[in-house]
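Notes to accompany the following structure.
The values are calculated or read from the model by the stated rules, or taken from the named source; none is laboratory data. Small disclaimer: the values here were computed from a predicted structure and weren't measured. Counting neighbours? That spans all protein chains shown, and the Cβs are built from the backbone with ideal geometry, glycine included.
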Amino acid sequence: MTEDIQNPAEPLDGVVEVAAPKRRRGVTIAAVGGTLALVGLAAGGALAMNALSGGGPQPEDVLPANTLGFAKIDLDPSSGQKISALRLMRKFPALKDQLSGTDDNSDLRRVVFEAAQKEGGLKGLSYDADVAPWIGDRFAMAAVPTADGKGVVPVMLLASTDQAKAKAALAKAATDGAACDVLPDFVRCTEKAEELAALASAPGTKLVDSAGFKGDMKDLGEDGIVSMWLDLGAAVDLAATESSVSAQELDAVKDKIGGGRMYAALRFDGANVEVAGAVRDAKAPAVDASGSTEIGSLPADTIAAVSFNSLGEQVKSAWADVQKALDATSGESDLTGSIQNQFGISLPDDLVGLLGKHTTFTFGGMGSDDMPKIALKTDGDPAVAQKLVNAVSDQGQPLGLVGDGRVVLALDQTYADAVAKGSGLDKNEAFVNAMPDYKNASQAVFVNIAKVIEAFGADIPADMRANLDPLSAFGMTGTQKGGDSDFTIRLTTR
């Protein structure tokens with residue numbers, strides 16, 4: 001705990017405050033807490049998340065219960081996580097230079113600190129002399145509402161094992177005017193001394209004791225390197241007070257999500273990296289998309305695929321917004337009418353009928369005629385598909401169609417037949433590694449990155465290809481039940 005505040009107008013007892021020229025708000029915390037962005041860089045540029053449920057003090061222990069959201073990083077993860085992370089990152093040329101001099105036993109805290117100094121932060125400190133004697137294993141950034149609820153205070157937390165040594169180091173650091181207090185287990189910093197005073201004196205429970213937060217963190221499961229948590233409803237309410245977006249637009253957003261919370265986790269697993277998360281207690285969608293997709297039944301050589309449940313009903317439910325977006329994108333005042341006239345279909349009814357309950361779009365590479373092998377596989381209405389085939393054929397572009405059991409509509413008959421008959425993607429190694437949860441997913445996305453590079457590598461700039469070459473596949477799956485949803489994003493390497 002911090003010492004009692006005698007007079008909030010005076011500097012806090014035990015607070016380190018460094019005078020500096022007046023600077024744009026946001027720059028000061030960036031100077032003290034630039035470490036967060038650099039950890040993101042060291043993690044491959046991904047903004048990642050995970051529950052740090054290992055023992056010891058946690059940042060949420062010293063954050064107020066009304067915290068809007070936060071991200072925290074374990075700077076000394078389990079050896080398996082750290083080794084997997086470092087080995088994976090060293091596969092990419094763009095990151096290899098950043099990690100030069102590191103090995104599997106490297107101290108990530110030193111790596112991050114030295115990277116921060118290269119970027120101009122934490123000047124005047126030596127890691128060995130000033131930081132190593134007190135730095136702990138966790139780092140966090142949080143957003144806390146101001147007292148009037150009309151703004152947000154960015155808060156930085158850095159784990160500390162020695163209060164006296166931490167105070168001495170902060171007194172030497174060039175913090176650009178930020179104010180910090182040293183708690184028994186954390187250094188806590190804000191951009192202004194008055195913000196820190198308000199934070200230190202705030203009554204009430206801590207975030208760790210908030211029922212929703214506690215359950216969410218428990219639900220996250222396995223430890224990793226980074227985590228995030230966000231109160232969605234509170235974030236939208238705050239945005240309404242300071243956003244340029246209209247109140248009507250924000251109300252529409254709130255009406256769609258209905259509040260709730262989001263949390264997610266980053267985990268390194270051998271040659272793979274995974275972000276897994278969930279949304280809890282949000283507004284249930286108007287359309288039930290439960291059940292599993294049919295993505296696994298595609299041909300084994302599929303390069304990319306997107307699969308949805310209840311896409312037809314979702315389009316019907318959101319048709320007014322879809323129509324508005326189509327008109328805005330095309331620049332036409334009535335694109336819907338033009339489509340209906342050109343293809344002889346009725347919108348949205350025929351489109352909803354065609355898409356059906358199970359809808360999958362697939363790409364199988366380029367055909368021998370240099371035409372892309374693209375297909376739609378659906379349990380929708382074959383009559384609508386035939387209507388489209390007839391209209392397009394009359395305009396000189398034949399389409400392939402198979403209507404036995406499942407409708408398959410493709411740019412040519414050969415690929416339509418292959419998709420209708422094909423199977424085996426669920427046995428493809430790249431697919432299995434990237435999509436471990438595909439059997440339960442109501443939405444799924446798969447890209448065989450290695451096959452994309454093989455097919456189109458000649459058109460990719462050399463430096464970009466060098467950083468793509470280590471990748472194998474990308475997979476994303478999602479499930480939904482009422483107002484709760486879960487998602488997994490997975491990137492695999494060779």
- Message: Just to be sure before I move on: is residue 161 under 14 Å from residue 140 (Cα atoms) and not hydrophobic (A, V, I, L, M, F, W, C) in the structure I sent?
- Response: no
- Task: Just one of (1) out of contact with any Phe, Trp or Tyr (no Cβ under 7 Å at 6 or more places or on another chain); (2) assigned by TED's automatic domain parsing to the domain that holds residue 415; (3) buried (at least 17 other Cβ atoms within 10 Å of the Cβ) trips up residue 304, so point out which.
- Result: (1)
- Task: Enumerate the helices (runs of 4 or more DSSP H) found wholly within the stretch 279-343, keeping only those where 2 or more residues are within 28 Å of the chain's Cα centre (by Cα) and without any contact (Cβ under 8 Å) to a residue 12 or more places away in the chain.
- Result: 319-330
- Query: Within the stretch 182-198, how many residues turn out to be surrounded by 21 or more Cβ atoms within 10 Å (Cβ to Cβ) and under 21 Å from residue 69 (Cα atoms)?
  - Reply: 8
- Query: For the stretch 114-165, how many residues meet the condition of being touching a Lys or Arg at 6+ places or on another chain (Cβ under 8 Å) and of a type in the set (Asp, Glu)?
  - Reply: 2
